[in-house]
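For reference, the structure discussed in these notes is given below.
Nothing in this text is a laboratory measurement; each read-out follows from the coordinates by a stated rule. From a predicted model like this one, the values you see are computed outputs, not experimental measurements. When we count neighbours, we look across all protein chains shown, and the Cβ atoms used for this are built from the backbone with ideal geometry, even at glycine.
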Amino acid sequence: MSAYEEQLQACLPDLWRYGYALCRNRDQADDLVQDCAERALRKRHLWRPTAALKPWLMKMLVNLYRNQVRDQSRRPVLVAMDTGAREPAAPDGLAARLHLGDCARALQVLPEEQREALLLVVIGGLSYKDAAAALGLPLGTLMSRLGRARAALREATDNVRHSPATNQRPTRT
Amino acid sequence: MSAKTTPPDRDMLHAYVDGQLTAGEEQTVRIFLANHGDVAAEVADWQAQNEAMRALFPAPDHELALPLTATTSRAPWRAVAAALAMLGVGLAAGWFARGTLGQNDTRIVASLVQEAVAAHVVYASDQRRPVEIPAAQESQLVKWLSKRLGYALTVPDLSSKGFELVGGRLVPAQEGPAAQFMYQDKAGHRITLFAVRAQGSQMASFSYRSEGDAGSFYWQDENLSYALVGDVPRARLLALATAVYQQLS
């Protein structure tokens, strides 16, 4: 295995995690990572060895994800959302799980651009500078998306926490 | 330094939450937060959000394999794409060197996969007589098929992966007689291992393809080519194919 392939291999778990956070589906995350790795191998000559590999890969993954979303919106398909299907590593009990559920729902209704930015930093583990480069944004734009995303999440989870009838949670049928 | 007297800006608070500050900067933020309860509450919420996200989207619980090379000529694969739509396919033999498949080699592989898939579709769905010789007569099965293929076969043991040998049969292939071993798990999923003598010794290559639900990979040496076919999730098939490869190499 070449040094390039070793680096690529080392990035796969983070790529998968970000892919999973974006599409909330394990099989789709598998496919995204495979497509991304395949593309990275085909385009290895385009990569400058002086640059970090991970931001470049994340950029590819986001583009693949966006293409997928665009294709799906043209031709709708039913996809199982498996968030919550497995027990997440909840620290303790019901309250924590409710909070995770609220957080998952709030993430889902975030504008796509904010969700991509927030998850790239928190789950993808990129520095602000790398995340901005991967998303093709000026640093200031990335920071303002991060700020708006966190404010929106805070408001969404706050509303639930302080709603007068906490056991009648708003559900869509 | 002036850092202690300047209140941290919003970007710095975010960077604090995301662990992107130097130790000195972190200290500055910590002191500021100790004196500003409202900001501290907001920052604590952000930290809780990060924790929730990490819990919601944990690291993968399965191994992620690297596709070793991307095929350059794809046309033959399109022909079998329809057959692959419902099935994952892995083709395996020994692998000792890597190269790029030429057009002819790719055709050979494509036809091998097609034959393996066709044989799988016909026999795996057969409830009454899926195999010619059952697993109970394994030694007889192996002896017979080895004789017909002209090469000493071994049957991989996939029980550690939840699949038990059902039995096997001889199937015709373009390259000559082929052996098909069938395995089944507790849920009734069937996978088949298709083995045929490799043509020539020129192919020492590895390639990977993924097409929709189906992932496929194959590698060959001068003796045998193996195809593993089954409508099980790709990650599981990959693990099975890896086990086959490890036992046969």
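Each part gets one Cα centre, and for region B:177-196 versus region A:118-162 those centres are 48 Å apart.
Highest-first packing order for the peptide set B:173-186, B:139-152 is B:173-186, B:139-152, based on the mean count of other beta carbon atoms within 10 Å. For the residues of A:29-38, the average number of beta carbons from a partner chain within 10 Å of their own beta carbon is 5.
The alpha-carbon atoms of region A:1-82 define a convex hull whose volume equals 88 cubic angstrom per residue.
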